[in-house]
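First up is the structure itself, then whatever we jot down about it.
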Amino acid sequence: MYRTHTCGELRLKDSGSRVTLCGWVQRSRDFGGMTFIDLRDRYGITQLVFSMENNADLCNRARELGREFVVSATGVVRERSNKNQKIPTGEIEIVVEEFNVLNNSEIPPFTIEDETDGGEELRMKFRYLDLRRPCLRDNMILRHRMAREVRKYLDSMGFLEIETPVLIKSTPEGARDFVVPSRLQPGTFYALPQSPQTFKQLLMVAGFDRYFQLVRCFRDEDLRSDRQPEFTQIDCEMSFVEQNDILQTFEGLAKHLFREIKGIDIREDFPRMNYADAMSRYGTDKPDLRFGMEIHDITSEVRGKGFAMFDQAEFTGCISAPGCSEYSRKQTDELTEFVRRPQVGASGLVAIKYGVDGTVKSSVEKYYTPEELKAIVEKAAAEPGSLILIMSGRREKTLTALSELRLEMGNRLGLRDRNVFRPLWVTGFPLLEWDEEEKRFFAKHHPFTSPLPEDLPLLETDPAAVRANAYDLVINGTEIGGGSVRIHDSDVQRRMFRALGFTPDEAEAQFGFLINAFRYGAPPHGGIAFGFDRWTALFAGEDSIREVIAFPKNNSGRDIMLDSPAEISAKQLDELMISIRKPAR
Ligand code: ASP
C-alpha cells in the first residue's frame, strides 16, 4: 500500500500513530534547523516536519524537494505547537522518518492556490494543474454530488435513465448544428444533438413514461460566460401529465437539490409569473427576484409637455433606486455611460432625485411643473430618498435596457447576494417569434411545443399572439431550465408546421420519423431540460460555467490544452472525400 491515510484525514486523536501519506509538495519552508513541507492531495493538506537534529541527512534531502514533486512520507503524528485553525488537519504534523520521491515536477507555470497568478489562458493550457487548486477541486466535487442527487431524486420518482445517440440528424432547438462527416457514405453528415428532444419524445411513444438523462448537448452558437459549445443537460420527459404535474415534479427536484446541496429547506411553492408580466415588470423573461426595483410605465405621465425625447417615444419607463437620491453628477454620468454601452444600447438616461425631505429635482425640471414631477414619482412608486432613472424609446428595447440598468443598480446596492436564492417559474411564453430577416415565424422553444389550448384558434389568424404551454425555471436571474407540454395530436402538429412556413414535404423530410411515430399512439406528454453546468455554477457561486467544467473551451470555442479544433491530415480528408476551400478573408 502506498499510503495509510490521505492528507485531509489526520487529527489530534491520531497523535502517536505511525502513518504514510502521499501527495504533492504545495510549499516548503526552511528555518535552518527545521524544514516544513505542506503535502497536498485531493482531500487536504498535512504538514510534514524534518529536523536537522533528528536526521540531518533526511532534512537535507527534504530541502531539495521542489513544488509539485510527488512524495510519499512515513512518520509519526504529533501535536503541533503552532496550530493552524484554518485547516482541519491544522492541529497536527508528521515527524518524518523516511520519504520517497515518487516523481519530480517541473516548476509549475502558476501558483497552485485559490488566489493564483495564472491568467485564464495559461490555466486552460495547463488545466490538469489548474484542477489541483482547491476551488476547482471543490467545484468538481460539488458537480459530482449534484449529479448524484439528481439521479437519486429522479430514480425515487420512477424515472429511468436512458441513453440516446450522439451521431444523429439535425435537431429542432434552433441553434446551428455541429456536424460530423460520414466516411461510409461520403458527402453525408451526422449532426450532433442540440438536445435529445426528439428521442425523449420517441421514448414516450415507446411507453417508458418517465425518462431522464444527464446528457451532453452540442450547439454551435456564439459563446458567453454561461455558454459552451458542449454542455450538459438534465433532460427529462413524462407521459400522461399536464403542465402543473411537470412543474410540481421538478420543483421537487429543485427543492431536493437546495436541501441536499445547499442545506436550504424551501417549504413554500415557487412563485409563478406570466411571461407578459415578467417583461413589463422586469424587462426580461428571467427576472432576478432577490430585489424589487420594478419597472414602471410612465409613458402617459411624461408625454405632451414639450420634452421631445419623451413626446416622441413609444414607451417611457423607469426604475427607482432606493437610497440613491444624493448621487453626484459623476455617479449619474457613470450610469449614463453604462446604458450607452453597446450591450445595453440606450441613447441616454434622465434622472429625478426624490429627496428624503420629499423634494423633487431633475434636469428636465423646466418641462414639468413640481406637481407633474410628483405625479411621475408617484407612478414610479418611489420612496423618499430614491433616484428615479428614466429611459425611453421603442418599448421592447427600452424594457431590455431598463432591465440591464436594474441589475447594475442591484449590484451597486449589494442586493444580489450569492447566498440568497429566489427561484421562479415563468410561464405563458409566446409560441412563435417573428424573424425580420427571414420574414417568417420561428418556434420560440421548438416546433413540438404545444400552444395553450385556449389560444389554438389564433394559430392561423394571429400567430404572434399564441401563447405556448411552456415554462422556464429561473433562479436569481439565470434561466436554469425550460420545457413544455408537447403536441401529441398530428393535426395540431401539421398546423404548427404550417405556421412555421414548412411545406408538408419539408416537415416530412426533417421530422418524418417523429411524425410517423405519432401515428402509432403517442401519449400526452411533456418535459423539461435543465442546464446542469449553469445550475452547478449557481450553487458554486461562480459567474462562469467554465469554473464547473473539468475541461472547458475558451471564449472562441477552442480547447487551448489540446489545441483544438485543428486541421486533419490529407489522408483523413481523402477518406471523407472532403476538400477544403480556403476561407475568404
Ligand atoms: N429540448 C429542450 C431544450 O433543450 C428542453 C425541453 O423542451 O425539454 O431546451
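The values are calculated or read from the model by the stated rules, or taken from the named source; none is laboratory data. The shown structure was predicted, so the numbers you read here are calculated from the model rather than taken from an experiment. FYI the Cβ positions are ideal-geometry reconstructions off the backbone, even for glycines, and counts take in every protein chain you see. What goes into the accessible areas is simple: the full protein's heavy atoms, side chains included, and nothing from ligands, DNA or RNA. Shrake-Rupley method; radii C 1.70, N 1.55, O 1.52, S 1.80 Å.
Brief remarks on what is shown
- Checklist (1) at pLDDT below 95; (2) surrounded by 19 or more Cβ atoms within 10 Å (Cβ to Cβ); (3) part of a strand (DSSP E or B) applied to Phe511, failing item: (3)
- Set side by side, the residues Glu433, Glu460 differ, and just one is out of contact with any Pro (no Cβ under 9 Å at 6 or more places or on another chain), within 16 Å of the ligand (Cβ to nearest atom) and open to solvent by 60 Å² or more (accessible area, probe 1.4 Å), which is Glu433.
- A search for C-beta distances below 6 Å between a residue of the range 162-173 that is within 14 Å of Arg216 (Cβ to Cβ) and modelled with pLDDT of 95 or more and any residue that is aromatic (Phe, Trp, Tyr) and open to solvent by 20 Å² or more (accessible area, probe 1.4 Å), counting only pairs 6+ apart in sequence or on different chains, returns Thr164/Phe199; Leu167/Tyr190.
- The residue pairs whose first member lies in the range 408-419 and is touching a residue at least 40 places away in the same chain (Cβ under 8 Å), whose second member is surrounded by 14 or more Cβ atoms within 10 Å (Cβ to Cβ) and of a type in the set (Gly, Ala, Ser), and whose beta carbons are closer than 7 Å, counting only pairs six or more residues apart or on different chains, are Met409/Ala321; Leu413/Ala321; Arg416/Gly410.
- For the range 198-218, the candidate set comprises residues that are outside any strand (DSSP E or B) and open to solvent by 10 Å² or more (accessible area, probe 1.4 Å); within that set, the residue that is nearest to the ligand (Cβ to nearest atom) is Phe199.
- Which listed residue is surrounded by 17 or more Cβ atoms within 10 Å (Cβ to Cβ), part of a loop (DSSP other than H, G, I, E, B) and modelled with pLDDT under 95, from Asp222, Asp226: Asp226
- Subset of the range 476-498 [small (Gly, Ala, Ser) and at pLDDT below 90]: Ser490
- Total residues in the range 280-292, condition touching a Gly at 6+ places or on another chain (Cβ under 7 Å) and open to solvent by less than 50 Å² (accessible area, probe 1.4 Å): 3
- First in the range 197-219 and over 13 Å from Ile168 (Cβ atoms), second anywhere and crowded, with 24+ Cβ neighbours inside 10 Å and of a type in the set (Phe, Trp, Tyr), Cβ under 7 Å, 6 or more apart: Leu203/Tyr211; Leu214/Phe532
- The residues listed here are Ile246, Ile234; of these, the one that is open to solvent by less than 10 Å² (accessible area, probe 1.4 Å), over 19 Å from Leu538 (Cβ atoms) and within 16 Å of the ligand (Cβ to nearest atom) is Ile246.
- Qualifying residues in the range 563-582 (those that are among the hydrophobic types (A, V, I, L, M, F, W, C) and assigned to a loop (DSSP other than H, G, I, E, B)) - the one most open to solvent (accessible area, probe 1.4 Å): Met577
- Scan of the range 93-113 for residues that are under 16 Å from Gln26 (Cβ atoms) and in a strand (DSSP E or B), ordered by number: Glu93, Ile94, Val96, Phe99, Val101, Leu102, Asn103
- Within the range 296-311, at least one residue is within 32 Å of the chain's Cα centre (by Cα), buried (at least 18 other Cβ atoms within 10 Å of the Cβ) and under 17 Å from Leu399 (Cβ atoms).
- Any hit, the range 452-466, residues being under 30 Å from the mean Cα position of the chain (by Cα), closer than 21 Å to Gln201 by Cα and in contact (Cβ under 8 Å) with a residue 60 or more places away in the chain: no
- Of the criteria (1) assigned to a helix (DSSP H, G or I); (2) without any contact (Cβ under 8 Å) to a residue 24 or more places away in the chain, which one Val492 fails: (2)
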